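Structure record follows, encoded as structure tokens.
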Amino acid sequence: MTSKAHTRSRPPSGPEPAPYRSGYVALVGRPNAGKSTLFNAFIGLRLSIVTPKPQTTRSRILGIVTRPASQMIFLDTPGLLEPQYRLHATMAQQIELAARQADLSLLLIDAERPEDHADLVRAFLRQATRPVVPVLNKADLLPPTAVDSALSAAAAAFGVGPMTPLSALRGDGVAALLDRLESMLPAGPQLYPEDMVAEQPERFFAAEYIREAAFGQLEDEVPYAVSVAIEEFREQPGRTYIGATLYVERDSQKGIVIGRGGTRLRTIGTLARQELELFLDTPVFLDIRVKVRPDWRRKERDLKEFGYE
């Protein structure tokens with residue numbers, strides 16, 4: 001008697017699981033378009049400093065969002081502007097480099113000033129070699145009846161596809177935008193450890209928080225002449241010691257930063273220390289000194305020393 005081989009029927013195969021996605025997204029736009037606010041909303045931490053003054057962001061800042069199906073690496077960049085100093089030229093280079101390295105760019109248009117220096121935005125779009133996702137930020141500041149017309153006008157002005165309304169400050173539309181960006185990234189492996197949210201060292205963020213406090217206390221041209229260098233960063237039992245030098249370009253600016261009887265410098269130090277203690281989750285002893293570095297914004301050597309080149 002011949003035996004028959006018994007085979008178990010296979011169930012029909014289901015759909016292939018979605019591939020894991022990873023990649024870089026550059027945030028681009030005019031100063032004060034809300035790039036840093038949106039960057040922080042994406043990351044869920046206040047990594048990028050935010051002030052009402054333009055040109056607050058001077059360097060690319062990297063933040064990482066790891067989700068079950070993706071890892072998105074966001075690059076916050078300086079605002080698009082016409083260079084007046086060598087510092088501005090290095091900021092423009094940071095934007096160009098970020099957009100070139102990224103898998104796609106997220107272009108933020110300010111709903112209150114949609115055509116602010118539109119020529120700079122159009123120039124960026126002409127040079128873009130990767131997909132660009134345009135969004136109209138601060139849409140919450142418009143009357144509800146004006147949002148659709150503002151979206152259409154901005155899309156037509158810049159020759160881009162349909163624009164998405166957004167409020168980075170309130171968080172409106174942020175989750176949906178994250179989902180959209182995730183779907184546009186290429187398939188690829190996780191690039192950073194799951195618990196990592198930033199690439200820059202703590203010294204970098206210490207300098208940024210001090211500069212943010214200075215921007216908030218200074219007016220006119222003075223805040224733009226400020227740079228901060230961290231000279232010492234020591235983790236001690238029960239606290240962290242940070243020694244910093246705040247550089248300005250002229251003696252008159254030094255006097256303004258220090259203030260009468262040192263009051264303004266003490267205020268800057270107090271505000272920066274409070275933010276640093278939240279960021280580092282430890283008491284901080286912050287020692288800030290003020291020095292003059294003439295015309296540092298125009299000098300390649302100084303820009304390299306301060307980490308801008």
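Some notes on this structure:
- Distant-in-sequence amide contacts of TYR20, defined by a placed amide H-H separation under 5 Å and a gap of 5 or more residues or a different chain, comprise GLY188.
- Magnitude of the charge dipole, the chain, Cβ model with Lys/Arg +1 and Asp/Glu -1, debye to 20: 440 debye
- Residue-span extension gain [ARG100 to LEU141] - 0.36 nm each, minus C-alpha spacing: 11.6 nm
- Dimensionless Rg/Rh of the stretch 202-305 - Kirkwood Rh, Rg from C-alpha atoms: 0.97
- Dipole of the stretch 202-305, positive end: most advanced residue of ALA206, LEU286, LEU265 [Cβ charges, Cα centre]: LEU265
- Over the chain, equivalent-ellipsoid semi-axes from the Cα gyration tensor in Å: 42, 27, 17
- Take the Cα of GLN93, go 7 Å toward its beta carbon, and the backbone nitrogen atoms of the stretch 27-67 under 19 Å from that spot belong to 57-62.
- Working note: Karplus 6.51/-1.76/1.60 with θ = phi - 60° gives the stretch 225-234 the couplings 8, 9, 9, 10, 10, 8, 8, 9, 9, 10 Hz, where Gly and Pro are set to x.
- Inter-part distance where the stretch 57-126 and the stretch 161-226 are each reduced to a Cα centre, Å: 11 Å
- Of all DSSP beta bridges in the chain, antiparallel share, percent nearest 5: 40 percent
- Two-site FRET efficiency, ASP281 against GLN217, from Cβ-Cβ distance with R₀ of 30 Å, rounded to 0.05: 0.75
- Residue-wise HN-Hα coupling along the stretch 107-122, computed from phi with Karplus coefficients 6.51, -1.76, 1.60 (Hz; x: Gly, Pro): 9, 9, 10, 6, 4, 7, 9, x, 10, 5, 6, 4, 4, 5, 5, 5
- Expressed as a fraction of 2.2 N^0.38 Å, the C-alpha radius of gyration for the stretch 21-184 is 0.96.
- When the trypsin sites (Lys or Arg not before Pro) in the stretch 112-197 are filtered for DSSP coil states and for at most 14 other beta-carbon atoms within 10 Å of their beta-carbon, the remaining sites are ARG170.
- Over the chain, dividing the summed -39,500 (n - 2.57) contributions of all DSSP H runs of at least 4 residues by the number of residues returns a 222 nm mean residue ellipticity of -10500 deg cm²/dmol.
- Along its first, second and third principal axes, ordered by size, the stretch 219-280 spans 39, 20, 19 Å in Cα coordinates.
Coordinate-derived values only; no laboratory data. Since we're looking at a predicted model, the values are computed, not measured. Here Cβ is always computed from backbone atoms with ideal geometry, including for glycine, and neighbour counts include all displayed protein chains.
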